[in-house]
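Below is one structure; the comments refer to it alone.
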Amino acid sequence: MNALQTTRVAARALTRNKMRSFLTTLGIIIGVAAVIAMVAIGEGAKVQVEQQFASMGSNLLIIMSGTTTSGGAHGGFGSMPTLTWDDLKSIQSDVPSVRYAAPQLRSSAQLITDEQNWSTSVTGTTPDFFQIRNWPVAKGSMFTSSDLEGGTKVVLLGDTVVEKLYGPGYDPVGQLVRIRNVPFQVMGVLAKKGQSANGQDYDDAAFIPATTFQTKIQGGLQKFIPGAILVGAAAADATTRAQSQISGLLRERHHLQRGTDDDFSIRNLAELANAQQEGTKTLTTLLASIAAVSLLVGGIGIMNIMLVSVTERTREIGVRMAVGARRRDILAQFLTEALALSLAGGIIGVVLGVLLAEQLASRFQWPLLVRPEVIFISVGFSALVGIGFGLYPARKASRLDPIDALRFE
Amino acid sequence: MPNRSSSPVPTTVSTTAPSTAPAMVLIQDVTKVYKMGDVEVHALRGVTLSIGAGEFVAVMGSSGSGKSTLMNVLGCLDKPTSGAYWLDSHEISGLSSDQLARIRNRTLGFVFQSFNLLSRTSALENVELPLIYTDVSTADRGRRAEAALQRVGLGDRLHHHPNQMSGGQQQRVAIARALVSEPKVILADEPTGNLDSVTSIEVMALLQALWRSGITIILVTHEPDVAAFASRVIMMKDGRVRSDQRHEPLRADDALKEAKADAKAEAQADAEAHAKAHPEAHADAKPEVTP
């Protein structure tokens, strides 16, 4: 008996009991659909985390100043300025694994135009900052080096600030905005960036040159940076190296003896991102394993029905043997039936799973993530389940004694 | 393999005169012992039998006589505990189950008491069944199955399912299924056991027609009426051959005409009796041949 013939016989047997075949397949359908949807959820979460970290900045390190201790109460990092402008220059020029380094001086201030006002965060920084954060200017232009050197009163506005002060879509380049009663000229508007992971609006911010910040917004010691330094490493795999190189450089520059604590701290966001990725990966694996268990349960359903079918069709098996079916023909027939059930379930499950993933993707605004290998693996796995759980009933059928089978009532 | 030059055919053992035709079926000292728990059941206690090509043999005996076991051994469904079996000059004892399946497929045809047709499957597909275990092409399969059904007089019932047919028709489908692989021997195990007398004779007429076309037929029955259509009757008792006689077989065609005439007369008598009892319904009464 050839494969085509075996398939035809199996198809006939299965279509003879349509409802039962469908219910048997349902276990596999649900299992496969669940695997595909769960993996898509995991992948979607992963991409979302990736996007969040990418919007914070690529290969980002944040260097903060040391802590103060007054009367036994420790201040947080940055409470005592220890980072100097010379440190920043040295990081820029002396650490090979660093591509960009920028100061980040933050304050919050009321921005006032003729008609409107809006309280937002004002950051003093340099053009490197926007490179690190992958944040281009949408309208107008970036600060120039003369702006930085001269402490020009220019400002870059985030999209939300423009919307609040002027209304959506307005081009405010060239207008005047008063920050702490100092008039600033709007130099440009930054591209829309969206929200951070915890819902903070990146676009609700204004940026001015670091030097201007120090002279007009928040005075302080000229030598020290009253804020943090953002560093963009040269490559994704260079962040850890950059971290240790910067650490060594700063300890040397700050004349820290061996054994004393750092008077600064470096946060490696790439590492944080990796940890997050690992977390979502674990989640994906967990979800997929739970779904895989349901596939297994589906397989047991197939085995159960195949056993019932073998018993019901004992006489048929006897007749087939009497007219010349070999044991392996009977084995192939029942195995094909189990395989057909599980494969059909697998294929319907894939369609259902993709639809489900599509629904989820549109609800949570993820990109649709159904990778072809997930489809192949789940269909392959369901076929394996069919063969695995079909084998026992099929062997049982093929080992029947033809005489007993023919006499079976 | 039997040595063909010094034939193993034991001509002297046979209780009847040796047949001039070459032996189609030859068994020698065949025993079969079943274990039923701790008890050993001797179903066959040394049976030696030679059936020539083109014989029509009826095996008779009460239940427990060993006739069914003999049938299973002859049908290559069961292996004897001891003894030798040659079918169409091929030694059967010692073959693997796959080789036995092949012999059942090519050389033998089976007809059962309970028809054993696949339900919800058309007559044509039922008859095709033996051919799907051969390398006959799909087109040839259909053609041969159709020809076999025409041969048993069911050319107009190709696509009927078993539950749409009478018992006699179902048994004829089963005979067509036994025929389709062009076997040398047809084994019929109580083929008329589930049929009424007229239909039984119809089935026997069909088997006789096949026998005349050259197929060896071995029939198990406990009805002497049915055995009368065979050319040789073997009586079994307690796992041994008790008697083995040849006789001129009753012609089933003639018997069928008689039986049909009787049935018709009976039906007419019934109808007349019915008409007398209910004269008002007489206009609607039609003589019917009771099945």
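Summary of computed values
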quantity: Magnitude of the charge dipole, the protein assembly as shown, Cβ model with Lys/Arg +1 and Asp/Glu -1, debye to 20; calculated: 940 debye
quantity: Environment charge of A:A11, counting only residues whose C-beta is closer than 12 Å and scoring Lys/Arg +1, Asp/Glu -1; calculated: +3
quantity: Radius, Kirkwood style, for the stretch A:261-336 when every pair of distinct Cα atoms is counted (Å); calculated: 17.5 Å
quantity: Rg/Rh ratio calculated on Cα atoms of the stretch B:85-195 (Kirkwood radius); calculated: 0.99
quantity: Helix-derived mean residue ellipticity, 222 nm - over chain A, DSSP H n ≥ 4, -39500 (n - 2.57), to 500; calculated: -18500 deg cm²/dmol
quantity: Per-residue mean of C-beta atoms belonging to partner chains within 10 Å, peptide B:88-98; calculated: 1
quantity: Test item: A:323-335 mean partner chain Cβ contacts at 10 Å; calculated: 5
quantity: Charge tally in the Cβ shell below 11 Å around B:M236, where Lys, Arg are +1 and Asp, Glu are -1, B:M236 excluded; calculated: +3
quantity: Geometric extent, Cα atoms of the stretch A:121-205 - Rg, Dmax (angstrom); calculated: 12.5, 37
quantity: Residue exposure sequence - A:T84, B:T138 - by fewest surrounding Cβ within 10 Å; calculated: B:T138, A:T84
quantity: Dipole-positive endmost among A:A37, A:I91, A:Q51 within the stretch A:6-149 (Cβ charges, Cα centre); calculated: A:A37
quantity: Tail beyond 21 Å, pair distance distribution of the stretch B:181-259 (Cα, percent); calculated: 27 percent
quantity: Chain B: calculated mean residue ellipticity at 222 nm from DSSP helix runs of at least 4, using -39500 (n - 2.57); calculated: -10500 deg cm²/dmol
quantity: Burial ordering of A:M64, B:M36, fewest other beta-carbon atoms within 10 Å first; calculated: B:M36, A:M64
quantity: Using alpha carbons only: equivalent-ellipsoid semi-axes of the stretch A:148-290, gyration tensor based, whole Å; calculated: 35, 28, 11
quantity: Amide H within-cut-off set for B:L219, under 5 Å, with H built and near neighbours excluded; calculated: B:V57, B:A58, B:V59, B:A188
quantity: Net +/- balance of residues flanking A:R320 in space, Cβ distance below 11 Å, scoring K and R +1, D and E -1; calculated: +3
quantity: Residues A:E271, A:E252, sorted so that the one with the fewest Cβ neighbours within 10 Å comes first; calculated: A:E252, A:E271
quantity: Pairs of alpha carbons in chain A whose separation is greater than 37 Å (percent); calculated: 50 percent
quantity: Range of Cα positions in the stretch A:262-409 per principal axis (Å), largest first; calculated: 90, 35, 21
quantity: 10 Å binning of all Cα-Cα separations within chain B, expressed as whole percents from 0 upward; calculated: 6, 25, 31, 22, 10, 4, 2, 0
quantity: Cα principal axis extents for the protein assembly as shown, largest first, Å; calculated: 133, 75, 46
quantity: Among B:M235, B:V203, B:Q268 the positive-end extreme of the charge dipole of the stretch B:145-291 (Cβ point charges); calculated: B:M235
quantity: Dimensionless Rg over Rh [the stretch A:313-372; C-alpha; Kirkwood]; calculated: 1.40
quantity: Viscosity 0.890 mPa s, temperature 25 °C, Stokes-Einstein D of the stretch A:338-409 from Kirkwood C-alpha radius, µm²/s; calculated: 167 µm²/s
quantity: Relative compactness, the stretch B:215-255, computed as alpha-carbon Rg over 2.2 N^0.38 Å; calculated: 1.21
quantity: For chain B, built as a Gaussian network whose Cα springs stay under 10 Å, the top-fluctuating residue of B:G142, B:G37, B:G61; calculated: B:G37
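The numbers here are math on the coordinates, done by the rules we state, and not lab data. Note that the coordinates shown come from a computational prediction; the quantities given were computed from them, not determined experimentally. Cβ atoms come from the backbone with ideal geometry, glycine included; neighbour counts cover every protein chain shown.
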